[in-house]
Structure formats: C-alpha cells, structure tokens
Amino acid sequence: MLERIKDVLDNPSWDQSIEREPLLAFSFYLNGRVINLLQIGDEIIDHLDVGFSDKNSVDSSRVGRASVLMWLWILGAYEIVRTMCQAKTCFSEQIYKELLRLKRLLAKVRMPEAKMEKPGKRMPVNSNRSPDGWDFADRDLLVGDPENDSFASARFLITEFDKVMSSIKKEDVLCHHKNTYEI
C-alpha cells in the first residue's frame, strides 16, 4: 500500500495534477505564473514582517525591497487576472465573478503604479512622491495613488489574490485558454 501511494505521489496522473492545481487545465504557463506570484507575495510579506519588526526603527532595505517587488507583483497579478477575465467562457460563473472583483481591485492600483496615471483618467499622478506609503502600525505598504484615495494595502491585495486563486477547483475550469480563440 505504501509503495502504491509513493508511486502516485511520484507520478501523478493528469487528473491528480488537475485536482491539485486546477489552473493547469486552463494554461500550464499561467498556472506557473500564478505560483510565481504567490511565492513573490510570500516574499513581500516576509520583507514587511522583518522590515517593520522593531517598533523603534525600520529596516528600510527590507521595506524598500518589498516596495520594488510589490510594484512588479501588481503588474503581474493584474495581467494574470485580466487574461483570465478575458477568457470568461473558461471559468465557472462564480469564479469569473471573483476574478472580475479581483481585477477591479488590482486595476485601482495598477494605473498609478504602471502608467503613472489616475485610474480612469488621462491625468498624471504626482511623480514627485514616494512609490508607496508605509503603514508602520500594520507593517504594510499602501500602493496606488494616495492623493486620490486610490490606494490599497499590499497585504490585502496579496491575500485577496491568494484567496481567489486558491478557491479555484477542478470543476471551475471549463476549458483550456486556447478554446477562447477558436470561437
């Protein structure tokens, strides 16, 4: 019996792989990128935890590293979620609604971060500002446009991304990404 379990763990079938990582059924490539973003999210949180660990001082190199990684994380997370929303027919209605909600959250901070524009407007954000705000009490970064209340907690965004991606089940992936181009 143990030998058989070991064989299954060492050589999972496609069904077992999909059960463990449902996004493989949508896109092998996208699944890998989601895993990368989840790992980067964990790294950002670790930098924030250590960078803000002392109430009397801040390790600015750790918090600065979290800031740079968060900028890249926002760009990647938005593009992943945008791609998934564009392939609406590939996902269950429930997951699609969650992806759309997540896309709106990410879009709110992506515009100021990526294009240095106010969300929904062709107006620049103040470029003579810090890339993000530092929330010492919550050991967090505030990303987006602080002048326009278009900012969000880095920890919150990372957690929401993780929650949505982790909630996807095998049954939620209705077809492969390529099928959206064959219609």
For the range 1-112, what number results from the quotient of the Cα radius of gyration and 2.2 N^0.38 Å?
1.39
Express in Å², to the nearest 10, the accessible area of T159 obtained by rolling a 1.4 Å probe over the protein heavy atoms while all chains stay in place.
70
Where the range 10-93 is the region considered: accessible area per residue in Å², 1.4 Å probe:
52
Roll a 1.4 Å probe over the protein heavy atoms and report the accessible area of R20 in Å², nearest 10.
140
Give the long-range amide H neighbours of L141: residues separated by 5 or more places, or on another chain, with amide H under 5 Å away, using H modelled in the peptide plane at 1.01 Å from N.
D135, A154, R155
At 1.4 Å probe size, put W73, W134 in order of accessible surface, largest to smallest.
W134, W73
Once amide hydrogens are built 1.01 Å from N within the peptide plane, the residues lying 5 or more places from F151 or on another chain with amide H under 5 Å from its amide H are D145
Taking alpha-carbon centroids only, the range 151-179 lies from the range 77-112 a number of Å equal to 8
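How do H177, H47 rank by accessible surface area computed with a 1.4 Å probe, from largest to smallest?
The most accessible residue leads, giving H177, H47.
The values are calculated or read from the model by the stated rules, or taken from the named source; none is laboratory data. Since we're looking at a predicted model, the values are computed, not measured. Heavy atoms of the whole protein, side chains included, go into the accessibility calculation; ligands, DNA and RNA do not. Shrake-Rupley method; radii C 1.70, N 1.55, O 1.52, S 1.80 Å.
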